[in-house]
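All remarks here apply to the structure that follows.
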Amino acid sequence: MGGGGGSIGGAIVPSVKSGLPAPSSELPAPAPIPPPPVYQLHPPQVPASDRAVVEAEVREDDREAEETDKDLLCPICMQIIKDAFLTSCGHSFCYLCIVTHLQNKSDCPSCASYLTTNQIFPNFLLNKLLIKASASHIAKHASPTEQLRQALQQGCNVSVKEVDILLVLLAEKKRKMEQEEAETNLQIMREFLHCLRKQKLEELNEIQNDLQYIKEDINAVERQRVELYRARERYSVKLRMLSDDPNVRSSWPSLMDKRNSSNMSIGKSVKGGQFWLGGGASQSRAAAADVEAPPITSQPLQRKDAGSGADSQNTTQPGVAVARKRRVHAQFNDLQECYLHKRRYWAKHGQKQEEKDSNHVQREGYHHHHPGLKDFQSVLSSFTRYSRLRVVAELRHGDLFHSANIVSSIEFDRDDEFFATAGVSRRIKVFDFASVVNEQEEMQCPIVEMSTRSKLSCLSWNKYTKSHIASSDYEGIVTVWDVNTRQSIMEYEEHEKRAWSVDFSRTEPTMLVSGSDDCKVKIWCTKQEASALNIDMKANICSVKYNPGSSFHIAVGSADHHIHYYDLRNISQPLHVFSGHRKAVSYVKFVSNTELASASTDNTLRLWDVKQNIPLRTFRGHTNEKNFVGLTVSNDYIACGSETNEVFVYHKDISRPAAWHRFSSETNEGGGDDPGSYFISAVCWKTDSPTMLTANSQGTIKVLVLAA
C-alpha cells in the first residue's frame, strides 16, 4: 500500500472517525473514607437509657435552634436580618430590603397591607437579639482561635497575668505541633529511605547476577576459542600429512579440472537460461544469484558497484572485523540491553532446556554455552554483518514528471522469480527479477501488464498457485487475477468504500482476507462469489494479514490505534487487542507464527508476541506521520519506508536502525520539487535473502542488498 501528500495526489492513512465512542476510562467512585477514631484513656460508661435521653435533648436543641434561625430571616432576602426595621403591621425586615421594596410598591411583602416609608420604625429589641444570636453562633461553631480573636477585638478585659498564661500555653502548643510535624517528616523520610534501600538492593542483586552471567559467558567464549584453535591446529597437521603423501598429491590436478569444468557448465546454463511465468524458477534464481552471493557477480553488476562505492568483497578480513567492532561500539547500549534481556529471560525460563542440553553431547566447540548466550551470539552476528544498503539495480515505473507514479504495493511471487507492482497508475505490472538485476536499462518493460478500473492499494500473491495474484482498489473491489491469461478470475464488490489491504492465506490457498474504509473485514473464498465471513469494526481498516501458520488467525490494523487479533472460529470478540500506538496502524506483518510487526503514523514500528499477548520492542528512527510508507519482514530484519525518501532496516532485536538508504531525485538535483514531497511508498524483502525491493512516490524502483 502507499499514499501521497497533497503535492503529489496520494492517499493518506485514515484516522479514526470523530463520531466513534472513546474508550471508557471512568473508574468507580471510591468508597468514603471513615473518620479516624478518637481514643480516650478512660472512656465514660454511660447507660443506654441515659445516652438516649441526652441524644434526644441534643436533637431537640438543634431543632429549636433551626426554628429560631428561620424566625430571624428577612422575608425578602432570606438572610439573617441586618439593621432590623418594624412595619406598622408588625413584620420585620432588613432596612435596605424594605426601603427598596417600598420604592416600587406600597404594600407589605408579608401581608400585602398598605405601607409607606413613614410607617416603618427601627426594631431595637430585635437588633439586640440578633447580636446575641450572632455571638452565640460564633461561640458554638467558631474555633478557639476565632473565639479568642473575637473576644480581644470586642475589648474583653484581660489582665497581664492571664496574657502571660495564654502565651505560655500557646508556646507549649506550638512546641508540640512542631514536634509532631518533625516526627511526621522523619517517618516519611524513613519510609522513603527504606524503599530506596530495597530498590538499590534489588538493583545490586540484578547487577551481581548480570556480572555472574558475563563472567560465565566470558569463560565459555574463551573455552570455545581454545577449542577452535586446537581444531585448526589438528586440521593443519592433517593437511601437512596429506601434502606429504605422493598418492594424494598426484590426484589434485584431476580434481581441479573437474571443478573448473563444472563452473563453466553452470555459467553457460545461467547465460542461456529462459524465464517463463509458469516455471523456470531454478534458472531465474541462478541468474539472480549475484544479488545474494557477491563473489560470483556478473560484469554489469561490478560496474554498478564501482559507481556506487567500494564493494565489501574487496575488503580484507581484518578490515571487516574492525568495521564490525566499530558497529558494536556504535550500538553498544542497544546491544547491552539485548544481551541482558536474553540472558535474564533464559535464566528464568531456560533451566529445563539447560538441563536437557547438559545431558546431550553437542558439537565440538559449542558445548558449555548457555542458551541466552547462544541466542545473543546469533543476534550479534547478524546485526554486525551489515551496515548499509547497496543499490543493485534501478528502474523507472513510468513517466518521471507524471504525478500518477506512486507505487502502492510491490510483492515477490511464490518463488521470488517475478515481482508485481501496483499503484495509482491503475495497472498491475509484473517484472522478471533476474532481468531487472542483470540488465542495465532503467526503463524495463514488464512481461505482463493488466489494466484496472481504479487506483490500486495492495497486492498479494497466492503462495500455492504461482500465477494467481489478488488486488484491492479505491472503489472497494477485491479482484483475483490469473497472470498467465491476464484476466480476472473473481471480483468481489461487497465493500462500500476504499479497500486498503488484501492477503492470501498461506495454509489455505483458496482463502483471502480484505479490509476497507467501511470498517469491515471480509473473508473470501475463491470458490464462491459472496464473502464467507464478515467482521464489523468501529474504525477504518488499514491493514489485514493472515498468520502464516494458521488459516484461522488474522491480524487487523485499525485507525483506532490498535491491532485486533482474531480467531475466525469465533469473531464475536478478538482474541486480543494490542495497544501502544498513538495513531492509526497502517501495516501489520507476521515475522513468524508468534511475532507480529506493526507500523503506525506515530513514527514507530512495534513488535508483538501474539502467543503471550505482550509487546516486545518499539523501533524508532524513520519518519511516518501521514502516508503509507510500506512495511516488510524477513527472518531477523524489519524494513520500512520513510517520509524523508529513505528506506530503513531494523534488526528485530535492536530498537535503532541497522542500515538505511536515501533515494536521490533527478528533479531535485536540477532545482525542481522539494525533496520533502517524495517518500518511500512500498518495500518487500526477498525470501531468506538480504535483497529487498523498494519503491517511492516518484515511481522509482530499486533493488537493494544489505552490505558490510
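If you go through segment 659-687, how many residues are surrounded by fewer than 17 Cβ atoms within 10 Å (Cβ to Cβ) and modelled with pLDDT of 90 or more?
Count: 2.
Failed condition for THR507, given (1) among the β-branched types (Val, Ile, Thr); (2) open to solvent by 50 Å² or more (accessible area, probe 1.4 Å); (3) more than 19 Å from TYR464 (Cα to Cα), with all others met?
(3)
Hey, can you tell me all the residues within segment 580-596 that are open to solvent by 40 Å² or more (accessible area, probe 1.4 Å) and free of Cβ contacts under 8 Å to residues at least 40 places away in the same chain?
ARG582, THR594
With respect to LEU459, determine if the residue is more than 18 Å from VAL430 (Cα to Cα) and in a strand (DSSP E or B).
Criteria not met by LEU459.
Based on what the data block shows, is LYS527 at negative phi, more than 24 Å from the chain's Cα centre (by Cα) and at pLDDT below 95?
Against the criterion (at negative phi, more than 24 Å from the chain's Cα centre (by Cα) and at pLDDT below 95), LYS527 qualifies.
Every residue, every condition in (1) of a type outside the set (Gly, Ala, Ser); (2) without any contact (Cβ under 8 Å) to a residue 24 or more places away in the chain; (3) open to solvent by 10 Å² or more (accessible area, probe 1.4 Å), yes or no:
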| site | (1), (2), (3) |
| --- | --- |
| LYS520 | yes, no, yes |
| CYS525 | yes, yes, yes |
| ALA532 | no, yes, yes |
| LYS538 | yes, no, yes |
| GLY549 | no, no, yes |
| ALA555 | no, no, no |
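I want to confirm something. Restricting to segment 379-388 and keeping residues that are touching a residue at least 60 places away in the same chain (Cβ under 8 Å) and out of contact with any Pro (no Cβ under 9 Å at 6 or more places or on another chain), which single residue is nearest to VAL683 (Cα to Cα)?
Taking the candidates together, the pick is ARG388.
Looking at segment 585-599, is at least one residue assigned to a loop (DSSP other than H, G, I, E, B), within 18 Å of VAL521 (Cβ to Cβ) and aliphatic (A, V, I, L, M)?
The answer is no, given that none of the residues of segment 585-599 is assigned to a loop (DSSP other than H, G, I, E, B), within 18 Å of VAL521 (Cβ to Cβ) and aliphatic (A, V, I, L, M).
Mind telling me which of the residues ASN645, ASN696 ends up being open to solvent by less than 10 Å² (accessible area, probe 1.4 Å), at pLDDT 90 or above, at positive phi and more than 18 Å from the chain's Cα centre (by Cα)?
Every option except ASN645 fails the conditions.
Of the conditions (1) in a strand (DSSP E or B); (2) over 22 Å from VAL392 (Cβ atoms), TYR464 fails just one. Which one is it?
(1)
Which one of MET450, MET490 is part of a strand (DSSP E or B) and open to solvent by less than 10 Å² (accessible area, probe 1.4 Å)?
That would be MET450, the only listed residue that is part of a strand (DSSP E or B) and open to solvent by less than 10 Å² (accessible area, probe 1.4 Å).
Please find, among VAL577, VAL513, the residue that is modelled with pLDDT of 95 or more and surrounded by fewer than 18 Cβ atoms within 10 Å (Cβ to Cβ).
Among VAL577, VAL513, only VAL577 is modelled with pLDDT of 95 or more and surrounded by fewer than 18 Cβ atoms within 10 Å (Cβ to Cβ).
Specify the residue that is most open to solvent (accessible area, probe 1.4 Å); the eligible residues are those in segment 79-94 that are farther than 15 Å from LEU130 by Cβ and in a loop (DSSP other than H, G, I, E, B).
Restricting to residues being farther than 15 Å from LEU130 by Cβ and in a loop (DSSP other than H, G, I, E, B), the top hit is SER88.
If we keep just the residues of segment 597-640 that are under 15 Å from LYS583 (Cα atoms) and touching a residue at least 60 places away in the same chain (Cβ under 8 Å), which is most open to solvent (accessible area, probe 1.4 Å)?
Checking each candidate, the answer is LYS626.
Failed condition for SER143, given (1) surrounded by 12 or more Cβ atoms within 10 Å (Cβ to Cβ); (2) farther than 25 Å from PHE85 by Cα, with all others met?
Of everything listed in (1) surrounded by 12 or more Cβ atoms within 10 Å (Cβ to Cβ); (2) farther than 25 Å from PHE85 by Cα, SER143 misses just condition (1).
Being within 23 Å of GLU643 (Cβ to Cβ) and in a loop (DSSP other than H, G, I, E, B) narrows it down to one residue among ARG582, ARG606, ARG506; which is it?
Within the list ARG582, ARG606, ARG506, the selection yields ARG582.
Select, from LYS258, LYS200, the only residue that is assigned to a helix (DSSP H, G or I), among the charged types (D, E, K, R) and at pLDDT 90 or above.
One residue alone meets the criteria, LYS200.
Just one of CYS111, CYS97, CYS156 is within 24 Å of ASP71 (Cβ to Cβ), in a loop (DSSP other than H, G, I, E, B), open to solvent by less than 80 Å² (accessible area, probe 1.4 Å) and not charged (D, E, K, R); which is it?
Going through CYS111, CYS97, CYS156 in turn, the sole match is CYS111.
Could you grab the pairs with beta carbons closer than 7 Å, sequence gap of 6+ or different chains, first residue in segment 330-347 and in contact (Cβ under 8 Å) with a residue 60 or more places away in the chain and more than 15 Å from SER381 (Cβ to Cβ), second one acidic (Asp, Glu) and assigned to a helix (DSSP H, G or I)?
As it stands, the answer is LEU340/ASP210, since those pairs meet every condition given.
The values are calculated or read from the model by the stated rules, or taken from the named source; none is laboratory data. Just so it is clear, the structure is predicted and the values come from calculations on it, not from any experiment. Cβ atoms come from the backbone with ideal geometry, glycine included; neighbour counts cover every protein chain shown. The accessibility values were calculated without ligands, DNA or RNA, using every heavy atom of the protein model including side chains. Shrake-Rupley method; radii C 1.70, N 1.55, O 1.52, S 1.80 Å.
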